[in-house]
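The values are calculated or read from the model by the stated rules, or taken from the named source; none is laboratory data. Computed from a prediction, not measured in an experiment: that's the story for all the values here. Cβ atoms come from the backbone with ideal geometry, glycine included; neighbour counts cover every protein chain shown. Surface accessibility is based on the protein's heavy atoms, side chains included, excluding ligands, DNA and RNA. Shrake-Rupley method; radii C 1.70, N 1.55, O 1.52, S 1.80 Å.
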Amino acid sequence: MWDFLVVALYFAAIISIGLYAGRKQSSLEDYALGGRSMPWWAILASIIAAEISAATFLGTPGEGFVLRNFAYAQLGIGAVLGRIIVGKLFLKPYYDYKVVSIYEYLQKRFGISTRRWASVTFLISRVLASGVRLYFAGILLVIAYMFIVGQDSATPIETVLIYIGALTLITVMTAIYTTLGGLKAVVWTDVLQASILIVAVATTILLLFFTIKGDASFSEAWNTIVATVGDTANNPCGEKNLQPGKVFDFGITGEGFVADVRYILSSEYTLWTAFLGATFLAMATHGTDQDMVQRMLAAKDRKTGTRAVIISGLVDIPVVLIFLVCGMLVFVYYTKVGMELPVNAKGEIEQMKVFPYFIIHHLPVGIRGLLVAALLATAMGSLSTALNALATTATRDWYRDVFNPKATELQLLRAVRWLTVAFAALLIAVGAVSAWYVVMNPNARILPIALGIFGYTYGSLLGVFLLGMLTRTRGNDLGNIIAMIAGFVAIITLEILGSYELIVKIAFPWRVTIGTLVTFAVGCCFRTPQGCIDNRNKHEESL
C-alpha cells in the first residue's frame, strides 16, 4: 500500500501542477512556448527530464551491469560540444526570426518545400523514437504487475497485452496535463520529475552500498566492490572482451590503421565517437529537433536559452556516471548478496530487464514506490515534450499553413490540443509494436534501439540546417530535398552492406555524422535563388 500511495501522490502532484500551469492560454504561442517567459533553471530541469527517458533510466544501469565500465560516459564530451554549437549557432536565427516551429527558419532561408520536407521528417522520426521509448517505460510496470499478481511469467501474447495496458495508462495520464497545460505544464512538471529522479537514484545507490557493506568497514566494502566489478571471469550476460573500469577507449587496436578505422566506426563508445559522432548527434537532437529546441525558445532571450542548453550538457556527464555506478552496484549485489536475474524461455539473461527486476523484487516497500514514480517521471517527462512538440509542429506547419490559413488563435489552440490527443494514440501504437518486437526478440539491446532511430533521418535534418547557417548562397528547395534523400539513402545503404558483412557495421552514433556530411555536401551543389538571398539581407538589415 505504501508503494501505491507514493505513486498516487506523484500522479496527483503532476496533474495538479499541469492544470495550474496551463490555466491561462489564449494563443498557439502561449501553448507552445509558454509566453517565452520561462526561467533558465526551469528550462534546464526540463531538458534533463526529457533526455533521461525510460530508455536511459533502464538502459544505462543495464550497460553498467553488463560492461562494468564507464566507456558510455565518453559520449558526454560530444554532448557538451554539440550543445555549445547549438547555443552559439542555432539559437540566434531562431530568435531573430521569432519562430514557433523551428522549420519556419528553413522556409525563410530556402523556401516552403524545404520547410515541409524537414517538418515531415521530424514528425515521422519523433513518433517512431518516442513510441519506442514509451515501450521502455512499460517494462517496469509489466514486471510490477506480474509481481503483484504472483505470476513469474506469461505467454508472449499475454505479455504484449499487459504492455499495451501499461503504455495506455502512462500516455493517457501524460496527455491530460500536456493537452490542457501546454509547454508551461510540461516544464514545471519536468522540474518536479527531475527532482524525484535525483532523490530516487541517490537513495537506491546508498541502499545498495550499505546492503553490500553489511558489517564490514567502509574500506573493506569499497575493496569488495572494486574487486567484484573487476572480475572478468564472472559475466552472467556473456559479454565478450570485457574491460571493467575502462573510462576512455582511444580506438587503437594495434593491428594497423585500417583495423583501427574499422574498430572506431563499429564501436559505440570511443573517444573518436565522443568528439565527432556524439557532437553531431547532440547538434541534431538539440538543434534540429522541435522537441528540445522548443524549451530553449520558451526563454525570454537567446542568452537565457543558451545558458540552459550548455549547462544541461555539463549536468549530463555526472548523471550518466551515477546511472552506470547504479548498474555496477546491482552487479555486485547480484554477485555478493544474491539476486535472481530475469531470463527468457531459452534461459538467457534479459539485460534490459535487470534493473527493473531489481527494483520490484529487491527494494524495500516505499523505496520501491519511489523508484516506480521516478521511472514514470522520466517516461512522462520525455513523452510530454514529444507530444507538445509534435502537436505544435503539425499545427504550425500544416494545419495553419496548408489546411486552414485563416484560422483564428482560438481555432489554432483547439487544433493543437486535438492533435496532442491524436499523437498520443500514435505513440501508444508504436509502443505496442515495439513491445511485440522485443518480446519476440528478448536479446535486443535497449540504448542502440532508442538512440539509433534518430541516426537514419536526423543526419539529413542537421545537414540542411547547417547548410542554411554556414553558407549564404548554397542550397535551394529542390537541391535540399535531393540532399536529404541522399543522406538517408547513404545510411540505409551502409546498414544493408554492414548486415551482409560486406563492410563494417556502422555504430549508431556515427549515423548522424555520415548522414549530415552527405546531405551538406550534396546541398552545396545547388545555388540559393537570388530572391531568398535578398529577403535574408533585408531581414538582417532590419535587425
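Calculated FRET efficiency, S542 to S16, Cβ-Cβ distance, R0 = 51 Å: about 0.70 to the nearest 0.05.
What does the helix-only formula give at 222 nm for the chain: each DSSP H stretch with n ≥ 4 adding -39500 (n - 2.57), the total divided by the residues, and the result rounded to the nearest 500 deg cm²/dmol?
About -24000 deg cm²/dmol.
Modelled spin labels at A202 and I252, positioned 7 Å past Cα toward Cβ, are 4.0 nm from each other. Assuming a ≥ b ≥ c are the square roots of the Cα gyration tensor eigenvalues, decide whether the stretch 1-128 counts as rounded (a/c under 1.5), prolate (otherwise, with a/b larger than b/c) or oblate. Oblate, because a/c is 1.5 or more while a/b does not exceed b/c. Under the criterion of Cα pairs below 8 Å and six or more residues apart, the relative contact order for the stretch 145-303 equals 10 percent. Applying a threshold of 21 Å to the alpha-carbon distances of K213/K336; K98/K538; K303/K538 flags K303/K538 as lying beyond it. For the stretch 399-543, the solvent-accessible area works out to 47 Å² per residue, with a probe of 1.4 Å and every protein chain left in place.
Across the accessible surface of the chain, with the other protein chains kept in place and a 1.4 Å probe, carbon and sulfur atoms take up 66 percent.
What longest range of the chain stays clear of loop-exposed GluC sites (Glu not before Pro) (DSSP non-H/G/I/E/B, at most 16 other C-beta within 10 angstrom)? The longest uninterrupted stretch comes out as 1-238. What's the FRET efficiency of K336 with A422 using the Cβ-Cβ distance as r and R₀ = 35 Å, to the nearest 0.05? The pair K336/A422 has a calculated efficiency of 0.10.
Modelled spin-label separation between K92 and S266, with each label point placed 7 Å from Cα along the Cα-to-Cβ direction: 4.2 nm. Sparse packing (at most 16 other Cβ atoms within 10 Å of the Cβ) combined with a DSSP loop state is found for the following chymotrypsin sites (Phe, Trp or Tyr not before Pro) in the stretch 462-508: Y500. The stretch between N223 and K406 holds 58.9 nm of extra length on full extension. This uses 0.36 nm per residue minus the Cα-Cα distance. Across the chain, the mean sequence separation of Cα contacts (distance under 8 Å, 6 or more residues apart), normalised by length, yields a relative contact order of 32 percent.
Shape class for the stretch 249-383, computed from the alpha carbon gyration tensor (a ≥ b ≥ c): oblate, with a/c not under 1.5 and a/b at or below b/c.
To the nearest 0.05, how large is the calculated FRET efficiency for L470 and L314 if R₀ is 30 Å and r is the Cβ-Cβ distance?
That pair, L470 with L314, gives E of 0.75.
Listed by chain and number, the lysines whose C-alpha is less than 19 Å from the C-alpha of K505, apart from same-chain residues fewer than 8 away, are K240.
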